[in-house]
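Novice: What follows is a single structure, and I will ask about it in a moment.
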Amino acid sequence: MDRCAYRWVDCPGSLYDTIRYARLAALSPRERLDRLTTTLVRAKVRMPFMKAGWLARNVEIVGQLGGARQATREMLALRTFEEKMNFVRNFVGIGPKYARNIWMWICTIRPFAVASRGTAA
């Protein structure tokens, strides 16, 4: 099956594509909230109205940090556990559990080596 057939896959015209940071940052606050609300409702996300508000505020926070690339650079440059937790906890809707999970997700999506065992040399 084509990977673009899934709603949230990163493909042109997907739901994900409609709420990329660059697209949202270009909208007015009202348009941004409307876009997020519509997209979350279409995606059948739980509590879409509350989460749309959180995400709209988080787009503003990322903008204050200098945009998505600069925020990512700043985030990945953090060294201590406390710095990392404080950084992500500054975003609306992120509690202690998700603050830890975000860092686990970042660490597990990176490529890793798999050892080949039991093969003749």
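The values are calculated or read from the model by the stated rules, or taken from the named source; none is laboratory data. Worth saying up front: this structure is predicted, and the values here are computed from it rather than measured. We place every Cβ from the backbone using ideal geometry, glycine too, and count neighbours over all the protein chains shown.
Novice: Looking only at the stretch 1-37, count how many residues are out of contact with any helix residue (DSSP H, G or I) (no Cβ under 7 Å at 6 or more places or on another chain), modelled with pLDDT of 95 or more and more than 19 Å from GLY67 (Cα to Cα).
Specialist: 2
Novice: Among the residues of the stretch 16-29, are any free of Cβ contacts under 8 Å to residues at least 24 places away in the same chain, surrounded by 14 or more Cβ atoms within 10 Å (Cβ to Cβ), part of a helix (DSSP H, G or I) and aromatic (Phe, Trp, Tyr)? Give the derivation first.
Specialist: So the first thing to find is which residues in the stretch 16-29 are free of Cβ contacts under 8 Å to residues at least 24 places away in the same chain, and the list is 16-18, 20, 23, 26-28.
Narrowing the set further to residues that are surrounded by 14 or more Cβ atoms within 10 Å (Cβ to Cβ) leaves 16-18, 27.
If we keep only those that are part of a helix (DSSP H, G or I) as well, we get 16-18.
Still in the list and also aromatic (Phe, Trp, Tyr): 16.
There is at least one residue in the stretch 16-29 that is free of Cβ contacts under 8 Å to residues at least 24 places away in the same chain, surrounded by 14 or more Cβ atoms within 10 Å (Cβ to Cβ), part of a helix (DSSP H, G or I) and aromatic (Phe, Trp, Tyr).
Novice: Further question: When you scan the stretch 39-49, how many residues do you find that are surrounded by 14 or more Cβ atoms within 10 Å (Cβ to Cβ) and either modelled with pLDDT of 95 or more or touching a Ser or Thr at 6+ places or on another chain (Cβ under 8 Å) (or both)?
Specialist: 2
Novice: Return the pairs, sorted by first residue and then second, in which the second residue is surrounded by 13 or more Cβ atoms within 10 Å (Cβ to Cβ) and of a type outside the set (A, V, I, L, M, F, W, C), the first residue lies in the stretch 69-93 and is farther than 30 Å from PHE49 by Cα, the beta carbons are less than 8 Å apart, and the residues are 6+ apart or on different chains.
Specialist: If the second residue must be surrounded by 13 or more Cβ atoms within 10 Å (Cβ to Cβ) and of a type outside the set (A, V, I, L, M, F, W, C), the pairs left are LEU78/LYS84.
Novice: In this structure, is LEU36 touching a residue at least 24 places away in the same chain (Cβ under 8 Å), surrounded by 15 or more Cβ atoms within 10 Å (Cβ to Cβ) and part of a helix (DSSP H, G or I)?
Specialist: no
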